[in-house]
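What follows is a short report on a single structure.
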Amino acid sequence: MSAAPAGRVLVIDDDRAFRFAIRKALRRMGYEVREAADGDEALAELKAPEPPEAALLDLRMKGMDGLEVLRRRGAAPTRIIVLTGHGTVQAAVEAMQLGAFSFLEKPVDAEELEPLLAQAVEESQLVRDATGRDVPPLVGESAAIEQVRTFIRTVGPTPATVMILGETGTGKEVVAHNLHAASPRRDGPFVAMNAACVPRDLFESELFGHKRGAFTGATDDRKGLFREADGGTLFIDELAELPLESQAKLLRALEERKVRPVGEGREHEVDVRVLAATNRDLWERVSAGQFREDLYFRLQVFPIVLPPLRDRKEDLVPLAHHLLARLGAAGTTLADSAVRAFQAYDWPGNVRELLNVLRRAALFAEGRIIDGDLARRMIAASVFGHAGKTSDRHAGMSERPSAPPIPTTASLAEVERLHIERVLASHDGNITRAASALGIDRRTLQRKLRSYGIEGES
Ligand SMILES: Nc1ncnc2c1ncn2[C@@H]1O[C@H](COP(=O)(O)OP(=O)(O)OP(=O)(O)O)[C@@H](O)[C@H]1O
Ligand SMILES: [Mg+2]
């Protein structure tokens, strides 16, 4: 009999040869290996009753890519290590923001992989074994964090809707948990939804539920998050990603305290406190017609802004101690030189980035001391700090900001005008090429341009 496996690892990659090679390596390390050749297979494994403790996920796959897998993984406890290739730094940053455990560059080096996987498996098991819903502590000694604590003490116990604002990784979700814990609803459910992770056409059913057969794929009745949160708190993260149609329905649910599941005639009363968070400039979205002004004001009654970590560097040391303990590396200490290195850095990924830098530093720390040299190396390797820098190496590829969605209130003529403008811009104003891309002849396009008052180059 062989020893019990060290854990279950899912290898998600559309490259068969890679899966084969990595499977061999992982088996040698004692892991039970599962494989997924595409996003759908991966989601099926991640949502299975006994999901793997860890997964290796290739970001670049045909069909559903790795980021989409992360977005759609639901509540899977699996710790996901993303595999990045040349030129995917931006995607790696996004992956970390979507809660990936860590990242490794391809080709994968077994020396780096082995300790990282061990950590991932251990963390996943820790979470599974933890009983109860512990409130994550809000660590920090800065005046800013003290103010956040005062806010939680005063606004927490009220039924008020709260809007939590701040850059990525500043602790918005931590604050949401603490607001719930400070309220009389603390024994009720805390239900979280990440609006960035819900496919566009499923928001309504996700929030308000549906009746079996209400649409293709609705094979069961579903209660919806509002009713699951009845008597408790519903936390809507990445609120800015909520589509306009769902915004209208959310506003209605907030005002009338009733929800109607998709395909059901009956309304259900709900008693839910809503907390929302975003790292976007919501007002800018309102001005652009992408976010409803009435919902904005309804949610904005009690805003709290979490300052970025670079503006409260006195929190670095207490946070580092707390996070090291959380990583199971309580015995690892920071040398003064490491503290100085941390203080000299501006932490674009905030506390989440600190957590990830510490996670890697703890792996490499000799004698359980993180010194300045190691700290600087880990900071230099942090993907968050490289975001944006690499894009100029791929000029033209991802630099052009994606066009904002067209509001559903736009008239058809307006939509046509916007579309023509975009297509024209993407062909540098060349009318002949734009016309061919639009599937119309040159003269027709010229006529339309004149009628819309748009300029192009012949
Ligand atoms: N003040 C804090 N004390 C302890 N842990 C913190 C604190 N702030 C953030 N963290 C930890 O940092 C990580 C990121 O925090 P969180 O998920 O709350 O960020 P966020 O603001 O919701 O980010 P995003 O906008 O990307 O969703 C989490 O692991 C969280 O536990
Ligand atoms: Mg969040």
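A few remarks follow.
- Looking across 161, 170, one residue alone is at pLDDT 90 or above and more than 25 Å from residue 70 (Cβ to Cβ). It is 161.
- Hey, residue 359 at pLDDT 65 or above, under 25 Å from residue 80 (Cα atoms) and away from ligand 2 (no atom under 16 Å from the Cβ) or not: yes
- Flag set for residue 134, criterion: at negative phi, open to solvent by 50 Å² or more (accessible area, probe 1.4 Å) and either among the acidic types (Asp, Glu) or within 16 Å of ligand 1 (Cβ to nearest atom) (or both).
- If you go through the range 173-200 and pick out every residue that is open to solvent by less than 10 Å² (accessible area, probe 1.4 Å) and either within 10 Å of ligand 2 (Cβ to nearest atom) or among the aliphatic types (A, V, I, L, M) (or both), you end up with 5.
- Subset of the range 169-184 [in contact with a Lys or Arg (Cβ under 7 Å, 6 or more places away or on another chain) and closer than 13 Å to residue 350 by Cα]: 169
- Odd one out for residue 105, checked against (1) over 21 Å from residue 347 (Cα atoms); (2) touching a strand residue (DSSP E or B) at 6+ places or on another chain (Cβ under 7 Å); (3) open to solvent by less than 20 Å² (accessible area, probe 1.4 Å): (3)
To keep it simple, each residue is scored yes or no on (1) open to solvent by 30 Å² or more (accessible area, probe 1.4 Å); (2) in contact with a Phe, Trp or Tyr (Cβ under 9 Å, 6 or more places away or on another chain); (3) within 25 Å of residue 193 (Cβ to Cβ); (4) of a type in the set (Gly, Ala, Ser).
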site: 73; (1), (2), (3), (4): yes, no, yes, no
site: 77; (1), (2), (3), (4): yes, no, yes, no
site: 80; (1), (2), (3), (4): no, yes, yes, no
site: 83; (1), (2), (3), (4): no, yes, no, no
site: 86; (1), (2), (3), (4): yes, no, no, no
site: 100; (1), (2), (3), (4): no, no, yes, yes
site: 110; (1), (2), (3), (4): yes, no, no, yes
site: 117; (1), (2), (3), (4): no, yes, no, no
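- Tallying residues that are within 11 Å of ligand 1 (Cβ to nearest atom) and either surrounded by fewer than 17 Cβ atoms within 10 Å (Cβ to Cβ) or without any contact (Cβ under 8 Å) to a residue 60 or more places away in the chain (or both) within the range 145-172 yields 1.
- Candidates are the residues of the range 184-209 that are assigned to a loop (DSSP other than H, G, I, E, B) and in contact with a helix residue (DSSP H, G or I) (Cβ under 9 Å, 6 or more places away or on another chain); the one that is farthest from residue 227 (Cα to Cα) is 199.
- Matching residues, the range 225-239, being in a strand (DSSP E or B) and either within 14 Å of ligand 2 (Cβ to nearest atom) or of a type in the set (Ser, Thr, Tyr) (or both): 233, 235, 236, 237
- Looking only at residues of the range 201-220 that are open to solvent by less than 50 Å² (accessible area, probe 1.4 Å) and of a type in the set (Phe, Trp, Tyr), we find that the one that is farthest from ligand 1 (Cβ to nearest atom) is 208.
- Residue within the range 92-107 that is in a helix (DSSP H, G or I) and either without any contact (Cβ under 8 Å) to a residue 40 or more places away in the chain or assigned by TED's automatic domain parsing to the domain that holds residue 322 (or both) present: yes
Each row is one residue, and each column tells you yes or no for (1) within 16 Å of ligand 1 (Cβ to nearest atom); (2) over 26 Å from residue 125 (Cα atoms); (3) open to solvent by less than 20 Å² (accessible area, probe 1.4 Å).
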| position | (1), (2), (3) |
| --- | --- |
| 264 | no, yes, no |
| 294 | no, yes, no |
| 297 | no, yes, no |
| 306 | yes, yes, yes |
| 314 | yes, yes, no |
| 326 | yes, no, no |
| 347 | yes, yes, yes |
| 357 | yes, no, yes |
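- Test: residue in the range 235-242 that is open to solvent by 10 Å² or more (accessible area, probe 1.4 Å), at negative phi and among the β-branched types (Val, Ile, Thr): no
- Flag for residue 40 being part of a loop (DSSP other than H, G, I, E, B) and open to solvent by 10 Å² or more (accessible area, probe 1.4 Å): no
- Residue match in the range 124-138 (condition: within 24 Å of residue 40 (Cα to Cα) and either within 16 Å of ligand 2 (Cβ to nearest atom) or not assigned by TED's automatic domain parsing to the domain that holds residue 233 (or both)): yes
- Listed by first and then second residue, the pairs linking a residue in the range 198-214 that is touching a residue at least 40 places away in the same chain (Cβ under 8 Å) to a residue that is aromatic (Phe, Trp, Tyr) and open to solvent by less than 50 Å² (accessible area, probe 1.4 Å), with Cβ atoms under 6 Å apart and 6 or more places separating them unless they lie on different chains, are 207/226; 208/226.
The values are calculated or read from the model by the stated rules, or taken from the named source; none is laboratory data. Please read these numbers as outputs of a predicted model, since none were measured by experiment. Positions of Cβ are generated from backbone atoms using ideal geometry, with glycine treated the same way; all protein chains shown enter the neighbour counts. Please note that ligands, DNA and RNA were not included when accessible areas were found on the heavy atoms of the full protein model with its side chains. Shrake-Rupley method; radii C 1.70, N 1.55, O 1.52, S 1.80 Å.
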